[in-house]
Amino acid sequence: MTRIIFSFAEELNRQGSLPPKAFRRDVPIYALVSTMNNIVGCHFSGNDGPVPILKERAQQFMEENQVTEESEIYYKIAQNLTV
């Protein structure tokens, strides 16, 4: 399981996967990027309790915010992790 989560973390944070300005708090996609990294952090720390809430938050963000060409790759990776 740890190997799978590590693989997702690498994919999520790869330069080619991240939408532009992904780590700027004044850009909406920041909420999704932060939530996905919190999911990864919870798994690595063994604190899986918040994961269902975080997954729901990520899914809600993706439902409410249309995917753009710039965020398409990130959305696909995020959707795979939140299933």
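The values are calculated or read from the model by the stated rules, or taken from the named source; none is laboratory data. These numbers were taken from a predicted model, which means no experiment stands behind them. Note that we place each Cβ from the backbone using ideal geometry, even for glycine, and neighbour counts take in every protein chain shown. Accessible surface is based on the protein model in full, side chains and every heavy atom, while ligands, DNA and RNA are left aside. Shrake-Rupley method; radii C 1.70, N 1.55, O 1.52, S 1.80 Å.
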Among residues of region 1-33 being loosely packed, with under 12 Cβ neighbours inside 10 Å and among the aliphatic types (A, V, I, L, M), the residue modelled with the lowest pLDDT is Met1
Within region 63-82, is there a residue that is touching a Ser or Thr at 6+ places or on another chain (Cβ under 8 Å), open to solvent by 30 Å² or more (accessible area, probe 1.4 Å) and modelled with pLDDT of 95 or more?
yes
Flagged pairs (Cβ under 9 angstrom, 6 or more apart or on separate chains; first in region 2-21, in a helix (DSSP H, G or I); second exposed (fewer than 10 other Cβ atoms within 10 Å of the Cβ)) are none
Arg57: passes all of (1) part of a helix (DSSP H, G or I); (2) charged (D, E, K, R); (3) surrounded by fewer than 14 Cβ atoms within 10 Å (Cβ to Cβ) but (3)
Within region 1-18, the count of residues that are of a type outside the set (Asp, Glu) and within 14 Å of His43 (Cβ to Cβ) comes to 10
Listed by first then second residue, the pairs whose first member lies in region 50-73 and is touching a residue at least 40 places away in the same chain (Cβ under 8 Å), whose partner is surrounded by 13 or more Cβ atoms within 10 Å (Cβ to Cβ), with beta carbons under 6 Å and at least 6 positions apart or on separate chains, are Glu70/Pro19; Ser71/Pro19; Ser71/Ile29; Ile73/Ser17
